[in-house]
Structure formats: structure tokens, C-alpha cells
Amino acid sequence: MSQRNSLLYSIVACKCPRCREGSMFKEAMYSTKFADMHQSCPCCGQSFEPEPGYYYGAMYVSFAFNVAIFLVSLFILYQFVEEVTMAMMMGIVVVVVVGFLPVIFRLSRSLWINIFIRYEGPCGEIPKKLHE
């Protein structure tokens, strides 16, 4: 299996979990439309929203990413600053979380859908799903 067909690549590059070729998102990451997703995979036809409210669970993944950012920021601050104030911590966390918002949003959705939809093979070797 090549690196481009790996699960990690699919999650990080926000590719379709079924064929790992089609892109999940329409626009560039740092644009005003960073959250716009294709309705289905442009390659294999896999729906990116299998049911209404599907991505509510991705909020928990996003929360875990944000907690990790908070802990890493706190650790780094303690390495460079003798006394960490609440204002410093809040400032660092707000800047980092807002700066990484598109990244966290996309990674959490990509991870969430990859948990439930399995890889079936390259786009040219699997049947295309039809939309209803």
C-alpha cells in the first residue's frame, strides 16, 4: 500500500475515506469558506454527510485537539516564562486556537468520518455510489 493510500494520509489530507482520492473540502484551508464541504466524493460518490447531524461527534474530537493545544501551550510557557499569568495563558490559547481553527475543524471532521467509513480501494476499482 502506498503512502497516498494510507489511513493517516487520508485523515491529514482530508480525502474521502472510501477511495482516499477525492477531496472532502471545496476551498483552500485558509479562506472564508474553509468549512464548505462537497456533498459527496467527486471521485467515488461517497456521501460526506451520511445522516443529518453526522458531525456532532466531531465536536468531541475538536475539543480533544483544543485541550492538547492548551496543554502544549501551557508546557511551552512554563519552559520560557518564570511566572505564567492567566492573561498570558488566555492570550496564547486564543491566538493558537483561532489560528488553527480551519486546521482543527477539518482534521476533526476527517478523523470522524474515517472512523465510520472504511477504505474499499482506489476510485477506479470500486463501484461509484449514486445519489438519491
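For the reader, a short list of remarks on this structure follows.
- Between helix 101-116 and the chain: long-axis angle, C-alpha atoms, 0 to 90°, nearest 10: 50 degrees
- Counting only alpha carbon atoms, the long axis of helix 58-80 and the longest principal axis of the chain meet at about 30°.
- Value at 222 nm in deg cm²/dmol, rounded to 500, when DSSP H runs of n ≥ 4 in the chain each add -39,500 (n - 2.57): -14500 deg cm²/dmol
- The protection proxy used here, the mean number of other Cβ atoms lying within 10 Å of each residue, ranks peptides 85-91, 123-129 as follows, highest first: 123-129, 85-91.
- Simple label model, 7 Å out from Cα along Cβ direction - Ser23 to Met59, nm: 2.8 nm
- Sorting the Cα pairs of the range 90-132 by distance into bins of 5 Å, from 0 upward, gives 5, 17, 13, 16, 15, 11, 8, 7, 6, 3 percent per bin.
- Carbon-plus-sulfur accessible fraction, the chain (probe radius 1.4 Å, protein heavy atoms only): 65%.
- Neighbour cut-off at most 13 other Cβ (10 Å), DSSP loop, chymotrypsin sites (Phe, Trp or Tyr not before Pro), the range 1-105: Tyr30
- Within straight-line reach of Lys128, meaning a Cα separation under 14 Å, sit the following aspartates and glutamates at least 8 residues removed in sequence or on another chain: Glu21, Glu120.
- C-alpha long axis of helix 86-99 to longest principal axis of the chain, angle in °: 20 degrees
- Partnerless cysteines in the chain, where a partner means another cysteine C-beta under 4.7 angstrom, comprise Cys14.
- Probe 1.4 Å, accessible area per residue of the chain, Å²: 65 Å²
- Projected over all directions and averaged, the alpha-carbon convex hull of the chain occupies 9.8 nm².
The values are calculated or read from the model by the stated rules, or taken from the named source; none is laboratory data. Treat the numbers as computed from the prediction; the structure is a model and nothing was measured. Using ideal geometry, Cβ is built from the backbone for each residue, glycine included, and neighbour counts are taken over all protein chains shown. The accessibility values were calculated without ligands, DNA or RNA, using every heavy atom of the protein model including side chains. Shrake-Rupley method; radii C 1.70, N 1.55, O 1.52, S 1.80 Å.
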